[in-house]
Every structure is written in structure tokens, then in C-alpha cells.
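Read the structure below first, then the notes.
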Amino acid sequence: MPRLGQYGMHFSPDHQSFVQLGSSFYTHLSAQSLSSPYWVGRSRSVAKALGLEDNWLEGDEALRALTGNALLPGSQPLASVYSGHQFGQWAGQLGDGRALLLGEMRDAQNLPQEIQLKGAGHTPYSRMGDGRAVLRSSIREFLCSEAMHGLGIPTTRALCVTGSDTPIRREEIETAAVVTRVAPSFIRFGHFEHFAYNGMTEELKKLADYVIDRFYPACKDAANPYAALLEAVSERTAKMIAHWQAVGFCHGVMNTDNMSILGLTMDYGPFQFLDAFDPNHICNHSDDRGRYAYNKQPNIAYWNLFCLGQALLPLISSDGEPDLAVAALEPYKTIFPAELHARMSAKLGLPDAPATESSKAVIEGILKLLAKDKVDYTIFWRRLSHAVATNDFIPTRDMFLDREAFDAWSLSFHEHSAQIPCRPDADLMLKTNPAYVLRNHLGEQAIRAAKTKDFTELERLQELLESPFTEVTGMEAYATFPPDWASTIEISCSS
Ligand code: AMP
Ligand code: MG
């Protein structure tokens, strides 16, 4: 495999912190090349954040390296091992079955960022899989990572997607693609579960110390640093889930191996932004029982944190006594509702104040009405923001079948804000309630065009999603109701 010159993305062999953990954590291996690579999508903003030279992402060297066809300077690629609970069952050893960590680099702010290729070929952890990712799911991951970032939601990011004409077998024959993902760390709850389940306490401790050292340094000073770590991860997770619920995001596969130790949204598969508001919505066609339905996400996150707590138990308590671990998880039960209340209050343009009977009733009241009339979630909040800005509530009211019920809620909303006392802040609402979210049908349109090598739709959508609170004249179609065919789109775990 050719080595590239010292230009653009490169890694210093002395600063590969994950590599320094040792060989129990990963296997070094090279990417498997793909024929005739081409650019599908690129994020200039991620390139800039990484401090890459202008134009590096335009070049042939980047194209080859980020498809897995050439090695970047200093890169010692590896696939890491982890385990996890999938759909509530212990699944045993998993690992990076199709992801390769190229290395760690310093970004424009001198912060460490890991660069990972997803879909770069077979690894020792591929099990029955082919190590590949198809074009459609790679585009979805790319667009959604950047959409979530645009919404201000913690997430792994995506630098680019490259494609190849190499055929890939799924339900039908598709083509291969590779997403270049970026995050300070891709460590999952499942990494901890792996070493705990296998009784590898020394490695478990090494991993926990590594995560504390790099990302949760305040925990070092706690009476029990590992219980403090569990509590800190719970807090970040609670905040992430509150963001998801408020914006109407369904992840679809909240297995413990898809949960980031940094509280980042990661592993975008059958995710969906709600169209009509349905609390029981299941976005993943492979999730027959609705384990990961929209309204179950907060409890599932807690269940996953419990698994993490179980994994950390040998470090938290020498005699296996669970009290400290259980206590460390307790704050989730107050932080999550408080965070969600704050997010929902911002959607209503109200200041971040503690929950009261009245504020809770206003929030619950509108969610009940949205569910009853299956009102489009994103459009409702955007229209309400405009209604507050212009004092014209008719377009919002018209979204409901039961308009008297909306009027009654509207009255309670005004009475509540008069009590606080403050007027709902329309500017805050317009910065909180997006005009554009990555609805399934919008992603689908970009994918269909990309399959014919037309990437203009993808670029247009990407641009809107990068600034989702800024309405662009002429782009109304991206902010309107989904077409009828949107409900026929079936997104499963197939990727
Ligand atoms: P996911 O449901 O995508 O989070 O994947 C669960 C596990 O299966 C992870 O260990 C993945 O690395 C692995 N996996 C998923 N798809 C493939 C594939 N096509 N080839 C190899 N491993 C895969
Ligand atoms: Mg995964």
C-alpha cells in the first residue's frame, strides 16, 4: 500500500493514546481497498475544525486514503474489541466489525480527535458480516451526524463519504461506501462490558483510568473515581437523551455497544426524526417489539447505564456491593427530567426555570394534543415560533383537528407565561425549533440521486441541515410536510 506524503491529515505515532492501551484492546490491520473510489459528500466545516489544509479534501490523496486505498502518514490502523447487550440480551463479543481507527490527530483547537473509517473491510470482529457499508446507509450517517451537530446535539461527526462501484450484497446488490467519522473517542459502554464479562479486571481498570484521565479528569479527585465516572457518564447521557426527545429524534438501535462513553450520539442506523408526533413510534423495522420506540428511549438509556454500572462494579466496590453504583445512577432520574423540561421550555420560548405544576401541565398538554391529532412535530414547533413572533396563531391552530382543544391549550400557555411573568421569547423559539430536520424522505431523495452519481441534492440538503434554524427562501419544500410515499420507506438494521 503506498504511503502518502506529509500533507493534510497525518498522525504522530507517539500520540496514539488508544494504541498505548495495549494489544488486549484491539487488532492492528489494514483497510481493504475498494475499486475506483469517488467523492460522495464532504463536510468543509469538519475539515476546518480538524485544521486540515485548504483543498486537502479536494485531492486524490485524501480520496484514496479515506476509502482505505492508501495509508496516511503515521497511521497504525486498528479495530477495537467490545461486547454488548443487543435488544436486551447479552450478545457476547462484538467489536469494530467494519470500522477502522486510523489514528488520533490534533484539531484546529489542539484537541485530540480520532479518525475512523466505517466500511473499510473485514476485521477479526466482523463475525458473519462483510466489513462493508452500503452507499444509502453511509449517506444517512454522514447527513445525520452533521444535522445533529447543526442542531447543537452531542454527536460523532462525519468528514466525508466516499463511494465505490464494488458490489455489496444486502437484500439486493448495492454498492460500497466508506464514512470517515470523527470523535474525541469512539469508546462505547460495550468496551467496558467486554472486559468485565471476561473477568479482565486489570484491562477494565486501565480503560476506566484512560477515560477518566482524558475526558473526566474531575473524577480523579472523587472519593470513588469509578462511581464518579458512572455518575458523570449518566449525566452526559441524560443530556443527550433530553436533546433527542425534544427534537423528536429516534435512534433506533440503542444497544449498549452503540452508546458512547462521552454521551455522543453515535452509530446512525435506522434513526428517524418524527414526522407526525407519535410517542410510540418505532423507527426500526427490525425492532418488532418496539424496544427502542421514541418514548422508551429515556428508560432504555437508564437500562444501558445500569449495564455500564454492572461492568464498572469490580472497580467501584471490592466486595461487589452494588450500593455505590446504584447511587451513582440515581441522579439520572432527576437530571433527565430537568434537562427535558429545560429543552421543552426553550421550545415554548420560556426561560429555563425549575419545573412547576403549571409549566409541566403546559408541556404535557401540548404533547397530548400533538399525539391525539398526529400533528407534524417539527412543523408545529416552527409554526408556533412564528406565531409568537407575529401574534398570528391561525396557521398553527389549523394543524389541529380539534381546534377548540388547541385554543384551550393556547389560553393555558398564555396564562402560564403571564404568571412567570414573561412573554414567550420568539427569538429563542426560532433558535430552538428547527425549520429543517433530516426526514426519511429527504434523505431518500438525496440517496436516489447519489445512486446515479448526482450529488447536488445531497449537497443542498447538507447545507440546509448545517444551519437548521435559518430558513432559506426557495427551500420551503425541505421544511414542509412529508409526501405520502414517505410512510412507505422502511428502514431496518440492513446497512
Ligand atoms: P450495529 O448494529 O450496526 O451497531 O452493529 C453491531 C455489530 O455488528 C458491530 O460489532 C458491528 O461492527 C457489526 N457489523 C454490522 N454490520 C457489519 C458488517 N457489514 N460487517 C461486519 N460487521 C458488521
Ligand atoms: Mg454499532
Practice task
Go through (1) outside the structural domain of Leu230 (by TED's automatic domain parsing); (2) open to solvent by less than 60 Å² (accessible area, probe 1.4 Å); (3) part of a loop (DSSP other than H, G, I, E, B) one by one and return the number of the condition Arg291 breaks.
Solution key: (1)
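Checking the condition away from ligand 2 (no atom under 16 Å from the Cβ) and touching a residue at least 60 places away in the same chain (Cβ under 8 Å), which residue from Ser145, Ser137, Ser75 passes? Steps first, answer last, please.
Working: Ser145 fails: away from ligand 2 (no atom under 16 Å from the Cβ); Ser137 fails: away from ligand 2 (no atom under 16 Å from the Cβ).
When all the criteria are applied, what remains is Ser75.
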Handout entry: Matching helices (runs of 4 or more DSSP H) fully within region 351-401 where at least 1 residues are in contact (Cβ under 8 Å) with a residue 40 or more places away in the chain
Key = 357-372, 377-390
Problem - Enumerated strands (runs of 3 or more DSSP E) restricted to region 68-151, each holding at least 1 residues that are charged (D, E, K, R) and closer than 21 Å to Asn255 by Cβ - result: 112-118
Practice task
Sort out which residues of region 337-374 are over 15 Å from Phe413 (Cβ atoms) and touching a Phe, Trp or Tyr at 6+ places or on another chain (Cβ under 8 Å), and write them in order of number.
Solution key: Ala371, Asp373, Lys374
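On the given criteria, is Leu274 open to solvent by 20 Å² or more (accessible area, probe 1.4 Å) and closer than 21 Å to Ser137 by Cβ?
On the way: open to solvent by 20 Å² or more (accessible area, probe 1.4 Å): no; closer than 21 Å to Ser137 by Cβ: yes.
Spelling it out, it is not the case that Leu274 is open to solvent by 20 Å² or more (accessible area, probe 1.4 Å) and closer than 21 Å to Ser137 by Cβ.
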Problem - Scope region 228-244; condition of a type outside the set (Ser, Thr, Tyr) and either open to solvent by less than 10 Å² (accessible area, probe 1.4 Å) or outside any helix (DSSP H, G or I) (or both); matching residues - result: Leu229, Leu230, Val233, Ala238, Met240, Ile241, Ala242, Trp244
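Looking for something assigned to a helix (DSSP H, G or I) and among the acidic types (Asp, Glu) - is there at least one such residue anywhere in region 268-278? Break it down stepwise before answering.
Going residue by residue through region 268-278, those that are assigned to a helix (DSSP H, G or I) are none.
Scanning region 268-278 turns up no residue that is assigned to a helix (DSSP H, G or I) and among the acidic types (Asp, Glu).
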Completion exercise
Taking region 126-138 and keeping residues within 6 Å of ligand 1 (Cβ to nearest atom) and of a type in the set (Ser, Thr, Tyr) leaves Ser126
Handout entry: Neighbours by Cβ (under 9 Å, 6+ apart or cross-chain): first from region 310-321, closer than 18 Å to Cys219 by Cα; second acidic (Asp, Glu)
Key = Ala311/Glu193; Leu313/Glu321; Ser317/Asp323
Exercise for the section: Tell me which residues, restricted to region 245-267, are within 12 Å of ligand 1 (Cβ to nearest atom), under 16 Å from Asn299 (Cα atoms) and part of a helix (DSSP H, G or I). Expected result: Thr256, Asn258
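Select, from Ile173, Ile212, the only residue that is touching a strand residue (DSSP E or B) at 6+ places or on another chain (Cβ under 6 Å) and surrounded by fewer than 24 Cβ atoms within 10 Å (Cβ to Cβ). Outline the logic, then answer.
Details: Ile212 fails: touching a strand residue (DSSP E or B) at 6+ places or on another chain (Cβ under 6 Å).
Exactly one residue qualifies, and that residue is Ile173.
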Practice task
Kindly establish whether Gly349 is among the small types (Gly, Ala, Ser), more than 19 Å from the chain's Cα centre (by Cα) and open to solvent by 10 Å² or more (accessible area, probe 1.4 Å).
Solution key: no
Practice task
Look through Ala79, Ala99, Ala133, Ala108 and report the one residue that is open to solvent by less than 20 Å² (accessible area, probe 1.4 Å) and over 27 Å from Ala311 (Cα atoms).
Solution key: Ala133
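The values are calculated or read from the model by the stated rules, or taken from the named source; none is laboratory data. Predicted model, so just to flag it, every value in this text is computed and none were measured. In this analysis, Cβ positions are derived from the backbone assuming ideal geometry, glycine residues included, and neighbour counts consider all displayed protein chains. Surface accessibility is based on the protein's heavy atoms, side chains included, excluding ligands, DNA and RNA. Shrake-Rupley method; radii C 1.70, N 1.55, O 1.52, S 1.80 Å.
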